[in-house]
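Report on the following structure.
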Amino acid sequence: MFQNLAANKKENAIISPFSLHVVLGLASFGAAGSTAEAMMKGLRIKHSETLLKDYKGIIDQLSKSPELKIANKIYFAKDIELNPAYQTQAVDNFNSELGKVDFSQPPAAAKEMNDWVSNHTNDKIKDLIKADSLDASTKLVLINAIHFKGKWTVPFKPEATKDGPFYLDDTNSVQVPLMFVKDSFYMYEEAGEDGFKMLELPYGSKDEQHFSMHIFLPNKRDGLASLEEKLFQHSESFAEKFGNIVKSTFKTEVEVTLPRFKIESTWEMNDLCKKLGMEVAFSSNADFSLMTKNKEPLLISEVIQKAFIEVNEEGTEAAAATAARIRLKRSIDFHPPQRRQFIADHPYVVVISHQRRHLVFAASVRRPPTVSGPKSVDSIHPEKVQRTEL
């Protein structure tokens, strides 16, 4: 997902792999035959018989953390009925809400869905659903919304924030507010021109830490492209690389310099889903017969995600929403621990994970926009919403 959407872009970008996976997973349980097989393969799922329990386990586990709120909802047209088995799976395993809506009234339907998304992302994700994308042939819209608000375990002190250079490449720079903190953190180092450092900044109290931000900083000021290639474009998955890197971290005292930043991204994900092998789900051969009681002929017409993240001295706020619209068919080197400096004054990659396993957000920071200091922790939120329309 990162490789296809966020890598090698000129602008900042944020995605939520978790939000996309949940929405497509919710759709996949309404699929049958080759459509179900293609979606499972695209989602990299090997054991579909345990998947419902797996989704339930992950969603329940993540929802126990105070920083993250997860919400799913299936909106369906007034002229159809959901298959009772599918409805039970959605409610029991995805904690999904259900709602009927009149898609023949696009402005009202879009407003109802957008208000729900906004309410579940602290007003950070707005206008996910466009009224002109809806019509009487729209039968279902599946939405996942997540909102993350985390306070740093070791906050940056606002009085330590000073303006300094952020290098856009090897020579050009802009002045941005640079935060500073010195404490003990987990860190990874790989020497060499193509190497990088990784710093882990935890959220929550020292006694209860569930989420962390992991910052991947190339050793060269203009090294982001090669770092993205190293992390995301080889045969080994990023999740495997990420797992190996965090296992190889050491705890050391670090002087951390990090800019404030805020990123908002909107993604149309149809092409990505097709690249992942799900073409049939978007075609006239799609089979979503397990989704509705009368087995209406459905296909996925649109998958859209909006994501947001803001980082300042107090912590991080992020949000995302993903929606799928479903409609009727129409014809490394290691170094011993010692005091380190981690100066993020040039482009880098950020990942927010749960217990170093579940990757909830990923972002590339190429040009940090000026973000004002925190007025309150309520101004720090990452959010994401994803929607699938059938």
Inset, instruction - Starting from region 211-234, keep only residues that are not assigned by the TED database to the domain that holds residue 1 and of a type in the set (Gly, Ala, Ser), then list their pairs with residues that are open to solvent by 50 Å² or more (accessible area, probe 1.4 Å) and at pLDDT below 90 whose Cβ atoms are within a distance under 8 Å, requiring at least 6 positions of separation or different chains. - result: 212/356; 223/193; 223/194; 225/8; 226/194
Inset, instruction - Filter region 270-294 down to residues that are touching a Ser or Thr at 6+ places or on another chain (Cβ under 8 Å) and open to solvent by less than 50 Å² (accessible area, probe 1.4 Å), then give me how many there are. - result: 5
Legend entry - Residue list for region 66-107, restricted to those being more than 20 Å from residue 328 (Cα to Cα), crowded, with 20+ Cβ neighbours inside 10 Å and hydroxyl-bearing (Ser, Thr, Tyr): 96
Inset, instruction - Evaluate the following for residue 50: is it modelled with pLDDT of 90 or more, of a type in the set (Ser, Thr, Tyr) and either farther than 26 Å from residue 275 by Cβ or more than 20 Å from the chain's Cα centre (by Cα) (or both)? - result: no
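Are any residues in region 203-219 surrounded by fewer than 18 Cβ atoms within 10 Å (Cβ to Cβ) and modelled with pLDDT of 90 or more, and if so, which ones? Before the answer, list the steps.
In the first step, residues of region 203-219 are kept if they are surrounded by fewer than 18 Cβ atoms within 10 Å (Cβ to Cβ); the result is 205-209, 219.
Residue satisfying the conditions is 219 alone.
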Inset, instruction - Return the total of residues in region 150-173 being surrounded by 13 or more Cβ atoms within 10 Å (Cβ to Cβ) and outside any loop (DSSP other than H, G, I, E, B). - result: 10
Legend entry - Every residue from region 8-50 that is farther than 20 Å from residue 299 by Cβ and either surrounded by fewer than 19 Cβ atoms within 10 Å (Cβ to Cβ) or in the same structural domain as residue 238 (by the TED database) (or both): 8, 9, 10, 11, 44, 45, 46, 47, 48, 49, 50
Inset, instruction - Please go through region 126-150 and pick out each residue that is under 30 Å from residue 256 (Cα atoms) and touching a helix residue (DSSP H, G or I) at 6+ places or on another chain (Cβ under 6 Å). - result: 146
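The values are calculated or read from the model by the stated rules, or taken from the named source; none is laboratory data. Bear in mind the structure is a predicted one, so any value in this text is a computation, not a measurement. Note that each Cβ is placed from the backbone with ideal geometry, even for glycine, and that neighbours are counted across all protein chains shown. We work out accessible area using only protein heavy atoms, side chains counted, and drop any ligands, DNA or RNA first. Shrake-Rupley method; radii C 1.70, N 1.55, O 1.52, S 1.80 Å.
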